[in-house]
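Below is one structure; the comments refer to it alone.
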Amino acid sequence: MKSGFKRLGNFIRIVDNRNINGDITLLRGVSTTKQLINSVANMSGVSITNYKIVNKNQFVYVSDTSRRGDKIALAFNNSDACIVSSIYTVFEVTNTDKLLPEYLFIWFNRSEFDRYARFNSWGSARETFDWEEMCNIMLPIPPVEVQKKYVALYKAILNNQKSYEESLDDLQLICDGYLENLIKTETYKTLGDYIQQVDERNNDLSINNLLGISVNKIFILTKSNKEKLNLSNYKIVRPRQFGYVTVTSRNGEKISIAILDGEPGLVSSTYLVFEVINENKLLPEYLFLWFKR
């Protein structure tokens, strides 16, 4: 055991309060992004009296870790009381003078916790991270005054991130408005006159930076095992070139397309890679603003 580490089970307990009177109607789900989310369940004709109540400063998690990738669905309720499925586990910190719930939630948000939970999930048909395994977690629990400093720093970082994201949203709206105005005032031109397809293969295996493309219009690191792949036939995408996935099924209302801002990478041979022919007439970054709309 690491010095200073303590067993989590000594600081938490299960809570099983049911919505017997049906007073609480706010039904929430739990996501792998560690958030309480609005439930999409059809509750027409369903009794909510057996649902579990999650009060403010309590936690809830889904013990079933199957089919959730490398993450576990867990959340901390820092708002009004809500109800969740009776199969979820609700718990709370027993003594907030020794362990702050917000400090514990910082620990749960670490990717190492997700890996620990998946590694310690057991079962054949479906794997579960049960309450006993949760209680067996060993973590450093410094004096509560030190915990408060960590929590304050964490909240400050989250607030800065939120402000930054809101600023980006505002800038996107400005750009979209500018482009909408151009649509009304400028003469249309065919994009095909300004771009060309690129089909450069990784024949010499000089690149092993394997990338995917998300519907959020960014290149992402792929989870594929590169050791088992023949990367020689993969397409190279270079800085300021575009890649996109022609298949639009199962992507909702979005298309996976992105511009590369970074080191050269590889994408599947089924993807299309293209570039702007003459950057004196069309900037790749300007074109990407159009694609981001």
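The values are calculated or read from the model by the stated rules, or taken from the named source; none is laboratory data. From a predicted model like this one, the values you see are computed outputs, not experimental measurements. Heads up, the Cβs are rebuilt from the backbone with ideal geometry, glycines too, and the neighbour counts pull from every protein chain shown. The accessibility values were calculated without ligands, DNA or RNA, using every heavy atom of the protein model including side chains. Shrake-Rupley method; radii C 1.70, N 1.55, O 1.52, S 1.80 Å.
Observations on the model:
- Filter result (among the β-branched types (Val, Ile, Thr), assigned to a strand (DSSP E or B) and closer than 15 Å to Asn19 by Cβ) within region 30-75: Ile53, Val54, Val60
- Looking only at residues in region 215-245 that are over 21 Å from Glu285 (Cα atoms) and of a type in the set (S, T, N, Q), the one that is surrounded by the most Cβ atoms within 10 Å (Cβ to Cβ) is Thr222.
- Looking across region 1-56 at every residue that is exposed (fewer than 11 other Cβ atoms within 10 Å of the Cβ) and farther than 19 Å from Ile87 by Cβ, the one that is modelled with the highest pLDDT is identified as Asn21.
- Within the span defined as region 179-188, every residue fails to be over 19 Å from Leu289 (Cβ atoms), of a type in the set (Lys, Arg) and out of contact with any helix residue (DSSP H, G or I) (no Cβ under 6 Å at 6 or more places or on another chain).
- Region 161-174 residues that are within 13 Å of Arg293 (Cα to Cα), paired with ones that are open to solvent by less than 100 Å² (accessible area, probe 1.4 Å) and not in a helix (DSSP H, G or I) (beta carbon under 9 Å, 6 or more apart): Gln172/Lys292
- Residue match in region 145-168 (condition: under 30 Å from Leu283 (Cβ atoms) and among the hydrophobic types (A, V, I, L, M, F, W, C)): yes
- The residue that is nearest to Lys155 (Cα to Cα), counting only those in region 96-126 that are open to solvent by 60 Å² or more (accessible area, probe 1.4 Å) and either among the polar types (S, T, N, Q) or free of Cβ contacts under 8 Å to residues at least 12 places away in the same chain (or both), is Arg110.
- Among the candidates Leu282, Leu211, the residue that is part of a loop (DSSP other than H, G, I, E, B), touching a residue at least 40 places away in the same chain (Cβ under 8 Å) and either surrounded by 14 or more Cβ atoms within 10 Å (Cβ to Cβ) or touching a Cys at 6+ places or on another chain (Cβ under 9 Å) (or both) is uniquely Leu282.
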